Amino acid sequence: MTLLTIDHLEKHYGGVHAVAGVSFSVASGERVALIGPNGAGKTTCFNMIGGQIRPDAGRVLLGGEDITGAPPRALFRKGVGRTFQIATTFGSMTVRENVQLALLSHARRALRFLGEATDAAAEEARALLAAVGLETQATRPCDQLAYGDVKRLELAMALANAPRLLLMDEPTAGMAPRERHELMALVSDISAQRDLSVLFTEHDMDVVFGHADRIVVLDRGRLVAQGSQEEVRVDPEVKRIYLGESA
Amino acid sequence: MTFADLLAQLVNGLANASTLFLLASGLSLIFGVTRVVNFAHGSLYMIGTYGAIWLAEHLGGSGLGFWSAVLMAACGVALLGALMELAVLKRIYGAPELFQLLATFAVVLVVKDVALMVWGPEDILGPRAPGLTGAVELAGQSIPEYDVLLIALGPLVLLALKLLLERTRWGVLIRAATEDREMVGALGVNQVWLFTSVFALGSGLAGLAGALQMPREPASLGLDLIAITDAFVVVVVGGLGSLGGAFLAALLIGIVKALCFALGTVELFGFTLNFSKLTLVVEFVLMALTLALRPWGFAGRPLRGLREAPGAIEHVRTPARRFWVIATAIAALLALLPAVADDYALVLATDCAIFALFAASLHFLMGPGGLTSFGHAAYFGVGAYAAGLLAKQAGASMLLALVAAPFAAAAFALVFGWFCVRLTGVYLAMLTLAFAQIVWSVAWQWDDVTGGSNGLVGVWPAPWAADKTHFYWLTIALCAGAIALLWRVMHAPFGYSLRAGRDANLRADAIGIDVKRVQWIAFPAAGAAAGLAGALYVYSKGSLAPDVMAISRSVDGLVMVLLGGVQTLTGPIVGAVLFTWLQDEILRRTEYWRLILGLAILGLVLLFPRGVVGSLRRVLRGGEA
Ligand SMILES: Nc1ncnc2c1ncn2[C@@H]1O[C@H](COP(=O)(O)OP(=O)(O)OP(=O)(O)O)[C@@H](O)[C@H]1O
Ligand SMILES: [Mg+2]
């Protein structure tokens, strides 16, 4: 069953056609990698799906519902989790408090004036941190984390609303190769257990071929190929982009 | 209104616009390059006026004497600006931006008292410009020659600055630094001298503006804050960093003010509208409108928030049980104070409690919210006036007034906050200032209701609280309770959401937190607390006047919060008590309390760039990073 449908998305920046009529879809439980060279339009696509920027044209459907232009906070309520290319967390809080706040928000209790935030949802927070392998770091201020751990923390926060769809923009950038596979194996596990769809961008082809069910290739804002790993691997257009004209 | 009236006012307005532009362009240049919001810019202007008058007197009444005085005053102020940069700001460019702000507040205090020492408290009239005392005839009106000169000077200075920025290497560097600071560093430009020289240029422009006003406006000790608010308005309306924008904004404000004067009192649909009364407020209304419609002024671009420098975010821990036990014990000890203190000390302690609450409420916005308010006195003032008016005009009991005041202040904060959270950084701070000035000028002008500049007198506590000791107990109980409530909210989910919006806006949004809404709600919460402080203040003094919400009160609040440390819970309380007590202590010994306080703050800022409590904590922890 299709969960996410991208329908002719467009975005211009002045003369730059950052995304030019891209359409594809993601099925429930499917892991799709969005790949392409630098400046291909991957992040722009992600931001249009995630509600950070408004498309100039086209639609985004989630489970059949039109969510084009809905703000990120509304998508969070509809079961979309998101991590960013440049990982951001709340620097003045501990690792656990970051996750607790995401859980509080999911329970619609983030605006309460009373009660200690640090006492809230302790058990769920512990479980989420354990799931991403951060339980030993729970009480550390999160601005002291290594970058790889910041990425894991972002993932834990993105999972706090028990999402149907996870959007991950370069989830493993800045990590050591071993860490990359660990993190993506974790994501794959969660995806399989919870029937969670994952759309991610990635520059590391090992990660892509190791963890994507399907691959969508962008170049200069256009969709040039999509399909299974095998189909994409042999696609002449993809070869040309990645290996240069001579190939 | 006749056409002749309008023309006369218009000429006057345009002449004002010219000096306003000179003043504002200096501020804009300095901000553009160094990112310092220099509150002392108005003080430099004031020194320009005083200095020019003083020099003109000593140089004799010739044309040469007058113009030498103007030039020497401008150059002197330029030197002073460079000195201030070298002695103070240079040392703290690496400190959080809010600390630089605090340092410039301290300079304002110091300069004001130095001016008082040198030139005395009386206003000083300046000489007229020899050779330009006449008037030219235009449409049957005589226009002062000096005004014509000023009107011509504005565009000339704009042109000269444009040429400087576009045709010289120095100018190119200034522009490059304004657009991208890192790039200048990368190019290997000697930033040190660039910053100092820009400070000199900007300060010189302020000095020139002040000097040129000497025949038109007497030198007075209030000029500094008037000038800085006017300059802020122009720079913000025009767009930070844009000279052209500042020029347009100065013109617009000059013309609109002139129109208000020229319109005078008008009968409209049976109402009598006195437009000339609006002149005090019209520029702030213009600023509020501009920011509401164009959040970055006519020609400005978005800026990041006024923040602590990266890495300077203090990790806020949830207070342990021990903290609350100690806090309660201190409150209980304070209740015993009347056993050992005389009336004088009790009144001072009452003041300390009131300002501690005021500072804590400002800190609620600035600390967890990252929302710097330059106009927090507005809520203090609204609370004060609500209580005073209820008591005097409606004969309400003290209890009712104390209950109603926070609601009144919260209502204002709800409205102001709705506009403010649409902006960020300096623009947000400026909009809060504009709102505070609007409220202040309404209180000042609306004689029939607020008593105008005389204010209201005879607002005394109910008999059961009239005794100094009883009133002290009431104040301590209410202030401690309100502060504890604010602290609880900071550590409740709401406080975390507020911090989340400050730490990482995008991430907060992505986990379902509506950052603007959270920030909006923070305004009435802080406003209510400030309103309660204001109401208690009225009853403790027995009277109130518009200066309960003058800019200087907002600045006091900022100094208290920053002195103690923004990223600590108890810092603002310590800052408020220190400030209130020091002010009283110094005032008993010398009238130059601002000088001493300003120097003390400068010393503290240079010694403890993280605020008193923050730095102490660091020292106690043994210098851990
Ligand atoms: N805010 C913006 N203003 C102007 N141009 C932009 C903006 N954002 C993106 N672009 C341009 O749009 C194009 C696509 O950028 P995008 O960030 O989506 O690429 P990407 O595929 O994510 O690249 P990378 O792999 O480097 O992350 C680029 O040419 C970029 O320069
Ligand atoms: Mg990208």
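The values are calculated or read from the model by the stated rules, or taken from the named source; none is laboratory data. Everything quoted here is computed from the prediction, not taken from an experiment. So basically every Cβ, Gly included, is an ideal-geometry build from the backbone, and we count neighbours across all protein chains shown. These area figures cover heavy atoms from the full protein model, side chains too; ligands, DNA and RNA do not enter into them. Shrake-Rupley method; radii C 1.70, N 1.55, O 1.52, S 1.80 Å.
Give me the pairs: first residue in segment A:28-48 and open to solvent by less than 10 Å² (accessible area, probe 1.4 Å), second residue near ligand 2 (Cβ under 9 Å from one of its atoms), beta-carbon distance under 6 Å, and six or more apart or on different chains, which are they?
Hits for this filter: A:LEU34/A:LYS42; A:LEU34/A:THR201; A:GLY36/A:LYS42; A:PHE46/A:ASP169.
Using the structure shown, decide if B:ILE151 is part of a strand (DSSP E or B) and touching a residue at least 12 places away in the same chain (Cβ under 8 Å). First the steps, then the outcome.
On the way: part of a strand (DSSP E or B): no; touching a residue at least 12 places away in the same chain (Cβ under 8 Å): yes.
So B:ILE151 does not fit the description; no.
So that you can scan it fast, the table gives a plain yes or no per residue for (1) within 14 Å of another protein chain (Cβ to nearest Cβ); (2) away from ligand 2 (no atom under 16 Å from the Cβ); (3) surrounded by fewer than 17 Cβ atoms within 10 Å (Cβ to Cβ):
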site	(1), (2), (3)
A:LEU128	yes, yes, no
A:GLN144	yes, yes, yes
A:MET157	yes, yes, no
A:ARG164	no, yes, no
A:LEU183	no, yes, no
A:LEU199	no, no, no
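Scan A:ALA70, A:ALA74 and give me the residue that is part of a loop (DSSP other than H, G, I, E, B), open to solvent by 10 Å² or more (accessible area, probe 1.4 Å) and within 12 Å of chain B (Cβ to nearest Cβ).
Only one candidate qualifies: A:ALA70.
Specify which of the listed residues (B:PHE358, B:PHE364, B:PHE374) is buried (at least 24 other Cβ atoms within 10 Å of the Cβ) and in a loop (DSSP other than H, G, I, E, B). If you could, list the steps in order and put the result at the bottom.
Details: B:PHE358 fails: in a loop (DSSP other than H, G, I, E, B); B:PHE364 fails: in a loop (DSSP other than H, G, I, E, B).
Answer to the check: B:PHE374.
So which residues in segment A:208-222 are buried (at least 22 other Cβ atoms within 10 Å of the Cβ) and within 16 Å of ligand 2 (Cβ to nearest atom)?
A:VAL216, A:VAL217, A:LEU218, A:GLY221
Going through segment A:84-96 one residue at a time, which ones are within 14 Å of ligand 1 (Cβ to nearest atom) and open to solvent by less than 20 Å² (accessible area, probe 1.4 Å)?
A:PHE84, A:ALA87
Mind checking whether some residue in segment B:530-548 is modelled with pLDDT of 85 or more, polar (S, T, N, Q) and out of contact with any Gly (no Cβ under 7 Å at 6 or more places or on another chain)?
For segment B:530-548, residues modelled with pLDDT of 85 or more, polar (S, T, N, Q) and out of contact with any Gly (no Cβ under 7 Å at 6 or more places or on another chain): present.
Consider B:GLY94 against the criteria (1) out of contact with any strand residue (DSSP E or B) (no Cβ under 6 Å at 6 or more places or on another chain); (2) within 21 Å of B:LEU248 (Cα to Cα): it satisfies all of them except one. Which criterion is unmet?
That leaves (2) as the condition not met.
I'd like the full set of residues that are among the basic types (Lys, Arg) and more than 7 Å from every other protein chain (Cβ to nearest Cβ), limited to segment B:489-511.
Once the filter is applied, which keeps residues that are among the basic types (Lys, Arg) and more than 7 Å from every other protein chain (Cβ to nearest Cβ), segment B:489-511 yields only B:ARG502.
Identify the single condition in (1) more than 10 Å from chain B (Cβ to nearest Cβ); (2) within 16 Å of ligand 1 (Cβ to nearest atom); (3) crowded, with 16+ Cβ neighbours inside 10 Å that A:TYR13 does not satisfy, given that it satisfies every other one.
Among (1) more than 10 Å from chain B (Cβ to nearest Cβ); (2) within 16 Å of ligand 1 (Cβ to nearest atom); (3) crowded, with 16+ Cβ neighbours inside 10 Å, the lone unmet condition for A:TYR13 is (3).
List pairs: first residue in segment A:93-107 and more than 7 Å from chain B (Cβ to nearest Cβ) and over 16 Å from B:VAL515 (Cβ atoms), second residue assigned to a helix (DSSP H, G or I) and open to solvent by 10 Å² or more (accessible area, probe 1.4 Å) anywhere in the structure, Cβ distance under 6 angstrom, at least six positions apart or on different chains.
Here the result reads A:VAL95/A:GLN137; A:VAL99/A:LEU128; A:LEU103/A:GLU124, each pair linking segment A:93-107 to a residue that is assigned to a helix (DSSP H, G or I) and open to solvent by 10 Å² or more (accessible area, probe 1.4 Å).
Restricting attention to segment B:91-117, and to residues there that are open to solvent by 50 Å² or more (accessible area, probe 1.4 Å) and in a helix (DSSP H, G or I), which single residue is modelled with the lowest pLDDT?
Only one residue fits best here, namely B:ARG91.
Kindly list, by first and then second residue, each pair from a residue in segment A:9-22 that is on the phi > 0 side of the Ramachandran plot to a residue that is outside any strand (DSSP E or B), limited to pairs with Cβ atoms under 9 Å and residues at least 6 apart or on different chains.
Close Cβ pairs (under 9 Å, with a partner that is outside any strand (DSSP E or B)) amount to A:GLY21/A:GLY221.
Against the conditions (1) touching a strand residue (DSSP E or B) at 6+ places or on another chain (Cβ under 7 Å); (2) among the β-branched types (Val, Ile, Thr); (3) open to solvent by 10 Å² or more (accessible area, probe 1.4 Å), where does B:VAL88 fall short? Just the number, please.
B:VAL88 satisfies all of (1) touching a strand residue (DSSP E or B) at 6+ places or on another chain (Cβ under 7 Å); (2) among the β-branched types (Val, Ile, Thr); (3) open to solvent by 10 Å² or more (accessible area, probe 1.4 Å) except (1).
Looking at (1) away from every other protein chain (no Cβ under 14 Å); (2) touching a residue at least 60 places away in the same chain (Cβ under 8 Å); (3) not aromatic (Phe, Trp, Tyr), can you tell me which one B:ALA525 breaks?
Failing condition for B:ALA525: (1).
Does A:GLY81 satisfy the criteria of being within 11 Å of chain B (Cβ to nearest Cβ), in a strand (DSSP E or B) and either crowded, with 22+ Cβ neighbours inside 10 Å or within 16 Å of ligand 1 (Cβ to nearest atom) (or both)?
yes
May I ask you to say which residue of B:VAL459, B:VAL449 is under 20 Å from B:ALA386 (Cβ atoms), in a helix (DSSP H, G or I) and under 30 Å from the mean Cα position of the chain (by Cα)?
Details: B:VAL459 fails: in a helix (DSSP H, G or I).
Of B:VAL459, B:VAL449, the one residue that is under 20 Å from B:ALA386 (Cβ atoms), in a helix (DSSP H, G or I) and under 30 Å from the mean Cα position of the chain (by Cα) is B:VAL449.
Could you tell me how many of the residues in segment B:541-567 are of a type in the set (S, T, N, Q) and buried (at least 24 other Cβ atoms within 10 Å of the Cβ)?
Count: 1.
Does B:VAL555 qualify as being in contact with a helix residue (DSSP H, G or I) (Cβ under 8 Å, 6 or more places away or on another chain), in a loop (DSSP other than H, G, I, E, B), more than 8 Å from chain A (Cβ to nearest Cβ) and at pLDDT below 95?
no
Please find, among B:VAL518, B:VAL538, the residue that is under 30 Å from A:PRO71 (Cβ atoms) and surrounded by 22 or more Cβ atoms within 10 Å (Cβ to Cβ).
B:VAL518
Per-residue answers, yes or no, for (1) surrounded by fewer than 23 Cβ atoms within 10 Å (Cβ to Cβ); (2) under 19 Å from B:LEU532 (Cα atoms):
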residue: B:ILE476; (1), (2): yes, yes
residue: B:ILE483; (1), (2): no, yes
residue: B:TYR496; (1), (2): no, no
residue: B:ALA504; (1), (2): yes, no
residue: B:ALA510; (1), (2): no, no
residue: B:ASP514; (1), (2): yes, no
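When only residues in segment A:49-66 that are within 16 Å of ligand 2 (Cβ to nearest atom) and in contact (Cβ under 8 Å) with a residue 24 or more places away in the chain count, which is most open to solvent (accessible area, probe 1.4 Å)? Give the steps one after another, and end with the answer.
In the first step, residues of segment A:49-66 are kept if they are within 16 Å of ligand 2 (Cβ to nearest atom); the result is A:49-50, A:52-53.
The next check asks that each one be in contact (Cβ under 8 Å) with a residue 24 or more places away in the chain; those that pass are A:49-50, A:53.
Values: A:ILE49: 4, A:GLY50: 6, A:ILE53: 44 Å².
Looking at the filtered set, the residue picked out is A:ILE53.
Identify all residues within segment A:16-27 that are open to solvent by less than 40 Å² (accessible area, probe 1.4 Å) and over 21 Å from A:VAL238 (Cα atoms); write none if there are none.
A:ALA27
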